[in-house]
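Worksheet: one structure, shown below.
The values are calculated or read from the model by the stated rules, or taken from the named source; none is laboratory data. In this text the structure is predicted, and so the values were computed from the model without any measurement.
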Amino acid sequence: MSKAAEAIEVEATSTDLQSLEEKIYKTIELLKAAREAKSTADRDVKRLRQQLEDREDEHERLRSELVTLRKEREEVRTKVEKMLKQIELLTAAESEA
């Protein structure tokens, strides 16, 4: 092989090696970016799960409070109806007298 051919082959090998090196560095950067994105996504998932759990707790608390308020409302309604009946009876008795 001539010196010129050897030089071309060495240059081609060097170019291939540089190209491979660039591809490896790009792959490393992509891997770093993917790991960072995964880490961010994991943090987001953890935060969102906590928010969901908090909302579920709040929902359960509000549901329980609603049930209690409805019971209280029904008790108040019953008492008011009894008082109205007593008032009716009193006014009816006064009208008859």
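Within the span defined as the range 63-80, one or more residues are within 21 Å of the chain's Cα centre (by Cα) and modelled with pLDDT of 95 or more. Scanning the range 53-97 for residues that are among the small types (Gly, Ala, Ser) and part of a helix (DSSP H, G or I) yields Ser64, Ala92, Ala93, Ser95.
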